[in-house]
Amino acid sequence: MSVFADMIEDAVVRHKANIALIDTHANKSFSFTDMNSYFDKISHQVMASGLKAGDHAAIYQRNSYHWVAAEGGLAKQGIVIVPINIYLSGTEAAWVLDHSVSAAVFLDDETAALLDGSADKAIKPILRFNSESLSGISDEADGDVVDFKTNLSINAASPYKIMYSSATTGVPKGIICPNGIMAGVVTGALANQLRDVESKDRLLIATPLTHVANSFFWAFFMRGASTVLMRRFDADEYCKQIIDNAVTHSFLVPTLLIDLINFLEENPGVVASLRSSSLRALWYAGSPIPPATAKRAESLLGPILNQQYGLTELYSGFPAMACTELRSAWHSKKPGSCGRSVTGCVIRIEGDNGNLARPGEPGEVIIRLQGAPAGYWSPPQSLHGAFRDGWIHTGDIGYLDEDEFLYVIDRKNDMIISGGLNIYPAEVEACIAEHPDVVQSAVVGVSDDRWVEVPIAAVVRRSDGTVSEEELIDFVRSKIAHYKCPKRIEFVEKLAVTSAGKVSRQKVRAELLGEA
């Protein structure tokens, strides 16, 4: 087996009867022994179907114990896992299946219907496993299958999974994560972000297992701790699960964190219950949040916010799920920062001339690789894109302060140049967020005859908010340089997001210009 599959086996042996997983939608809980039985049953099923080590198999379904079982079973066979974001349409999922050369796909009823309704009728025939009615996979871990082990020896450099980017610019890329790196991701998390985790702790996951939540799950699994798994995020249910299941840790993306903040502000009774609960660490990642939003969160939840920063390409050549951590003790002391580099990670800021930037000077964030990256799945494998000269070029603009804390200002491609002056949308959004009537905003650039490009904004107001466009523009003009202020503001009910839950300025811009 691979190093990672061996780690799964070791965790099962050590923690046997401990609760490994609680599926809130199915209302079922599973011990480590139970989950291992499911892994083995999946392994037998894929073997019987003719799949072999090195083949690719996709998982396209909502969070469930079936999702986890599919990954564990495939990992034991050395089959390369292709996680497909549940928020992709059937047509987009069909594209990923084709591009990744997947020989099989694990579905549920919902995604099977999406794929069947795909506009891409030319999709190649592949094996389908519907996890909700999979032959040979019972709803009870009855022990009728003996512990399954394989004599396969999977090289650490061979692919463990292919992770597809959310395609904020252009076509999604398939980033190859080798087996050795996946093992390092988990051990690195337990040595850095999750170093406080013990077997008695409990994780709550409400974001798709296709993304960072997956690394959180496996880190808790290897530690012998349990995970409470929600099918999808709902703020009310999320809070109930924290309280009812004595959750100690959780992870959200900024969009969902903002949803949680809005819910708590309207339900002060829930705030009191959360403040007295066992929750001690709420991690978030995916994009920065404005300091004003962070203050709102901390006033409600207390000093439990932690942030990390990374990108999918990291999984190709660096053994960590993120390259920085900003722990709760520093969260309010370094507003706007995403933390210091984790142990073993080297971060630099590269100026336009290729030289390293001084403290406080903005430039592109670059991350030192540890060895040759596995690169992208094309096929054939390609190292074009973010990987250059031993570094990952993130495409993010940021700076390091005198204490080596990283601040990510914006995406390089999102920067607006107005009259020859640089405008970073995230800076303007942070200013807009300071207004008490504002929930969230997105600033984008549009063409202008005189200035070449000017900023405009889409703004989500609070339900009881009354601020007008003119009043909000005046508010921003009182705080930052006038050339940075939006020339137009449009109030919207919600902001368009990518499949990863990040605000998509590209989609927002199209909507504001009537091109969506």
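Coordinate-derived values only; no laboratory data. Since we're looking at a predicted model, the values are computed, not measured. Every residue, glycine as well, gets a Cβ built from its backbone with ideal geometry; the counts of neighbours run over all protein chains shown.
At-a-glance table
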{"quantity": "For region 1-86: rounded, prolate or oblate by the Cα gyration tensor [a/c cutoff 1.5]", "calculated": "oblate"}
{"quantity": "Prolate/oblate/rounded label for region 340-411 (Cα gyration tensor, a/c 1.5)", "calculated": "prolate"}
{"quantity": "Farthest toward positive dipole pole in the chain [+1 Lys/Arg, -1 Asp/Glu at C-beta], among 284, 510, 264", "calculated": "284"}
{"quantity": "For the chain: relative contact order, % (alpha-carbon pairs under 8 angstrom, 6 or more apart)", "calculated": "11 percent"}
{"quantity": "Total charge dipole magnitude, the chain, about the Cα centre, Cβ charges on Lys, Arg, Asp, Glu only, Debye to nearest 20", "calculated": "840 debye"}
{"quantity": "Span-rule helices in the chain, defined as complete DSSP H runs reaching 24 Å or more along the axis (Cα) with Kyte mean at least -0.5", "calculated": "32-49"}
{"quantity": "Order by protection proxy (mean Cβ within 10 Å, highest first), peptides 490-496, 458-464", "calculated": "458-464, 490-496"}
{"quantity": "Lys/Arg +1, Asp/Glu -1 at C-beta; region 340-411 dipole; positive extreme among 405, 346, 369", "calculated": "369"}
{"quantity": "Simple Cβ-charge dipole of region 415-512, Lys/Arg +1 and Asp/Glu -1, about Cα centre, in debye nearest 20", "calculated": "320 debye"}
{"quantity": "Estimated dipole of region 338-486 in Debye, rounded to 20 [Cβ of Lys and Arg +1, of Asp and Glu -1, Cα centre]", "calculated": "500 debye"}
{"quantity": "Shape of region 415-512, Cα gyration tensor, a/c cut at 1.5", "calculated": "oblate"}
{"quantity": "For volume of the Cα convex hull per residue in Å³, calculated from these coordinates, the label among [x] 150; [y] 159; [z] 170", "calculated": "[x]"}
{"quantity": "Net lengthening on full extension, residue 266/residue 157 (0.36 nm per residue, minus Cα-Cα)", "calculated": "34.2 nm"}
{"quantity": "Cross-link table 333/494; 173/412; 28/76; 16/76; 16/240, entries beyond 20 Å C-alpha to C-alpha", "calculated": "333/494; 28/76; 16/240"}
